[in-house]
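Have a look at the structure below, then the notes.
Throughout, read-outs are computed from the coordinates displayed, never taken from laboratory work. Note that the coordinates shown come from a computational prediction; the quantities given were computed from them, not determined experimentally. Positions of Cβ are backbone-derived with ideal geometry, glycine not excepted, and every protein chain shown enters the neighbour counts.
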Amino acid sequence: MQAKYANVIIDIVHSDLDKTFQYKIPEYLLEKIQLGMEVVVPFGKSNRLIKGYVIMITDKPEFEITKIKEIYEINYNSLLIESKQIQLAGWIKENYGSTMIQSLKTVIPIKQKVKSKEKKIVILILQEELAKEKLELFKNKHYTAKARLLEALLKDTTVSYEVIVKKLKIAQSVIKSFEQENMIRIETESFYRNPVKKIVKQEKSVALNTDQSGVVEGIWKDYTKGIRNTYLIHGVTGSGKTEVYMELIQRVIQEGKQAIVLIPEISLTFQTVTRFYQRFGDRVSIMNSRLSAGEKYDQMMRARNNDIDIMIGPRSALFTPFQNLGLIIIDEEHESSYKSESMPRYHARETAIQWAKMLHASVVLGSATPSIDSYYRANTGEYVLYQLSSRVQKRELSKVYTIDLREELREGNRSILSMKLQELIEEKLQKQQQIMLFINRRGFAGFISCRSCGHVMKCPHCDVSLTVHNNGQLVCHYCGYQEKEVSKCPNCGSPYIGGFKAGTQKIESIVKSRYPNARILRMDMDTTKTKEGHERILKAFANHEADILIGTQMIVKGHDFPNVTLVGILAADLSLHTADYRASEKTFQLLTQAAGRAGRGEEKGEVVIQTYTPDHYSIVAAAKQDYKDFYQQEILFRSLMSYPPAANMMVIMITSLKYEMAQNCADILKTEIEQIIQEKKEKEQSGNMQIIQVIGPADAVIAKVNDRYQKVIYIKAEQYDELIHIKDRLENIVELQEQKKSVNI
Ligand code: ADP
Ligand code: ZN
Ligand code: ZN
């Protein structure tokens, strides 16, 4: 039998994880050892026995065999959360094709070398009236430093020590004298410890309605029977999903367990967080991207030490090391931000379901527009489906007008604003109601369409839009198919065929010149470079400091503007014809969300959807706000074309500074893949093997990033295992190619 080795990591919390030590697995342990297990190993020159975790099992010795020490023993009771997390990291590595180190770094937050800073704050404790008197006194006596400090404290009762010393330039002795006179208190605290400290816990205020109770009791019945499932709550916005989550969390906590709540960062607003604090007090913690690594680590430690019961946060909050996790909630489960765009490219929903399986916890997904993937799984019985179909405060749905831009053109209106939209904007401005104009640009949309008949240039093989390239070619980003750019519409012969160009800036100037008296705000990448910029604009609009808000998808998420009665979607097609098989799904979601922004207050809302393809099913369904109708058509398309979730798809991306190298390597890999498939076919002979399609290589949608050319190969297979098999076989070849050709795969 071939010898096997275990790569062991020692002391996860303090190690920087890059260092693993290899040990030989004694024969009698071969059958028993597993990834993530705690082991005892001899360490260092003295061979003292210490604990470690197995993070890899391999038959490749890393150094001279005779020098490799043996594992001393396995701790079979190693139920520590770290050991489970290592197993999860292994699962991520296997399913998303990263290295073990990359996965581990994601799953187990590492203690940063820089300790998280403790922050000293100065709190005014003197009564306000007295403080004001004192201020007068200081001013009269020309104690300018003292006056400055007191003024600052009167404005904001807590001020950071650092600000006082560095910004206000006040000597420490002055601060000290304030302290001695009992005017202030100095505290050392990390502001993240309890970021919303001032919120007081309130008694439970709402009683669930029958729809909501139905969902809660259904899920809870399973839970008490020991059944753990994945549940999908399809509930329109405002149907009371958050209340359902909170009730479930409360029950889980009463059982002595903990809960993780994932919310897309963009929806992680003060409003949402406040609701959780009001209900659960300081047993809640939040994570967001503004926390430093050290602060994040501290939050994780609070969870591990049982100081909190609930962690709320985006994707990465999933890896909160609760000792007794009972429930994972994923709100807005369709959001693309749940998929990591860097290594490891895990999907938080899939990973949450795996994690819940390992820990015997339940998963609750919620959305008004579920991902096709989740809805499909709910339909096949993999998830359990619940519906919340009416709003808590019975508010009417908005009235939707679909405007055919081809008609507008025929009638001589070449403006980006249709006649109907212009008419409604005027009406709302007169009534002093607010308007949102939405342009659904999703990153890169270089498609070509005909303004006369709406025809879109598509790949004949993949049924996704072709993208214009600089060299005048139309290219498919799945299979690499190319054709010459056209000057006439192949469908109707019209010369009005080309790319669609309209940015938020251009729209702003058009709207400004047409409605010179309207106050306009614009929200896009340029105006929101900082996180504060984003919030500032939304706040200003909420305070009715502007009449019209123009923006990209940023404006449709999260916020509630009760005075908005009109939403205009300027070109619904922009997100419909991206080079992505999920383009229709994303369009439907965006349109539905945008439409949902109108009519949140007393007045009924109106929505104008402008499009060149008014008959496209995603636009028809969005106008009716009919999710099921959309789903039925979309799933048909996915099945016909073997796109997920009807099949599984793997993408291999090859990047290099030199185009030829990327190209060359992609070709080699494609040959290898075909070879692997061929071998498998021969082995299985009987012909019951599933069809596997290899597509490409093609230039990636974004063909060049940071000077690196990007090529992609897609593989579609009915069985997920087939893809994993190909991936595992490829990994060795990949390593070789990477060394030889200075490519990244
Ligand atoms: P969703 O998460 O589906 O958008 P929420 O849970 O935020 O819905 O509920 C929408 C609004 O209705 C909130 O202001 C919430 O406090 C209120 N609400 C929810 N459930 C009830 C209920 N059973 N009774 C009264 N108000 C409720
Ligand atoms: Zn045409
Ligand atoms: Zn194609």
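In terms of its C-alpha gyration tensor, the range 387-463 has an oblate overall shape, because the principal axis ratio a/c (a ≥ b ≥ c, square roots of the eigenvalues) is not below 1.5 and a/b does not outweigh b/c. Placing a pseudo-label 7 Å from each Cα along the Cα-to-Cβ vector at Val163 and Thr237 gives an inter-label distance of 3.3 nm. Of all aspartates and glutamates in the structure, those lying under 15 Å Cα to Cα from Lys146, and not within fewer than 8 positions of it along the same chain, are Glu133, Glu136, Glu179, Glu181.
I need the shape label for the range 645-745. Rule: rounded when a/c is under 1.5, else prolate if a/b > b/c, else oblate, with a, b, c from the alpha carbon gyration tensor. Cα axes put the range 645-745 in the prolate bin.
Only aspartates and glutamates eight or more places from Lys740 in sequence, or on another chain, were considered; those with a Cα closer than 19 Å are Glu660, Asp667, Glu672, Glu731. Cross-linked pairs Lys428/Lys604; Lys155/Lys296; Lys428/Lys557; Lys357/Lys586: Cα-Cα separations exceed 19 Å for Lys155/Lys296; Lys428/Lys557; Lys357/Lys586.
Counted by neighbouring Cβ atoms within 10 Å, the residues Ile33, Ile55 run from fewest to most as Ile33, Ile55. Under the rule a/c < 1.5 gives rounded, and otherwise a/b versus b/c splits prolate from oblate, where does the chain land using the Cα gyration tensor? Verdict is oblate for the chain.
Extension gain, Val705 to Ser639, is 20.5 nm, computed as 0.36 nm per intervening residue step minus the present C-alpha separation. Which value in deg cm²/dmol, rounded to the nearest 500, describes the helix-derived mean residue ellipticity at 222 nm for the chain, given -39,500 (n - 2.57) per DSSP H run of n ≥ 4 and division by the residue count? That comes out to -11000 deg cm²/dmol. Placing unit charges on the Cβ atoms only, positive for Lys and Arg and negative for Asp and Glu, gives the chain a dipole magnitude near 2020 debye about its Cα centre. In a DSSP loop and with at most 13 other Cβ atoms within 10 Å, the trypsin sites (Lys or Arg not before Pro) in the range 246-327 are Arg290.
For Thr671 and Lys51, the FRET efficiency from 1/(1 + (r/R0)^6), where r spans their Cβ atoms and R0 equals 60 Å, is about 0.85. Only one residue of Phe63, His347, Asn543 has its Cα farthest out toward the positive end of the dipole of the chain, where Lys and Arg carry +1 and Asp and Glu -1 on Cβ, and that residue is Asn543.
Placing +1 on the Cβ of every Lys and Arg and -1 on the Cβ of every Asp and Glu, with nothing else charged, gives the range 659-719 a dipole about its Cα centre of roughly 140 debye. Put in line by how crowded their Cβ is, counting other Cβ atoms within 10 Å and starting with the fewest, Asp307, Asp580 read Asp307, Asp580.
Sequence neighbours fewer than 8 away in the same chain don't count; with that in mind, list the lysines whose C-alpha is under 17 Å from Lys488. Within the straight-line limit of under 17 Å, Lys488 reaches these lysines: Lys458.
Positive end of the dipole of the chain, charges at C-beta (+1 Lys, Arg; -1 Asp, Glu), about the Cα centre: which of Thr158, Tyr143, Gln250 has its Cα farthest in that direction? Going by the charge dipole, the pick is Tyr143.
Would you mind ranking Asp211, Asp626 by Cβ crowding within 10 Å, fewest neighbours first?
Listed from fewest to most nearby Cβ atoms, that is Asp626, Asp211.
A protection proxy built from the mean count of other Cβ atoms within 10 Å ranks the segments 225-236, 96-107, most packed first, as 96-107, 225-236. At an R0 of 56 angstrom, the distance between the Cβ atoms of Lys225 and Lys604 translates into a FRET efficiency of 0.80.
Extension gain, Glu535 to Glu70: 0.36 nm times the residue separation minus the Cα-Cα distance gives 161.7 nm.
If the segment from Glu136 to Glu179 were pulled out straight at 0.36 nm per residue, it would be longer than the present Cα-Cα gap by 13.6 nm. Projecting the Cα atoms of Gly605, Ser390, Tyr375 onto the charge dipole of the chain (Cβ charges, centred on the Cα centre) puts Gly605 farthest toward the positive pole.
A Förster radius of 51 Å combined with the Cβ-Cβ distance from Glu350 to Glu151 puts the calculated FRET efficiency at roughly 0.40. Normalised by residue number, the volume inside the convex hull of the Cα atoms of the range 534-632 is 101 Å³ per residue. Backbone phi angles across the range 278-289, fed through the Karplus curve with coefficients 6.51, -1.76 and 1.60 (θ = phi - 60°), yield HN-Hα couplings of 4, 7, 10, x, 8, 7, 10, 10, 10, 10, 8, 5 Hz in residue order; Gly and Pro are listed as x. For the range 408-433, the residues whose backbone nitrogen is under 20 Å from a point 7 Å from the Cα of Ser509, taken along Cα to Cβ, are 414-418.
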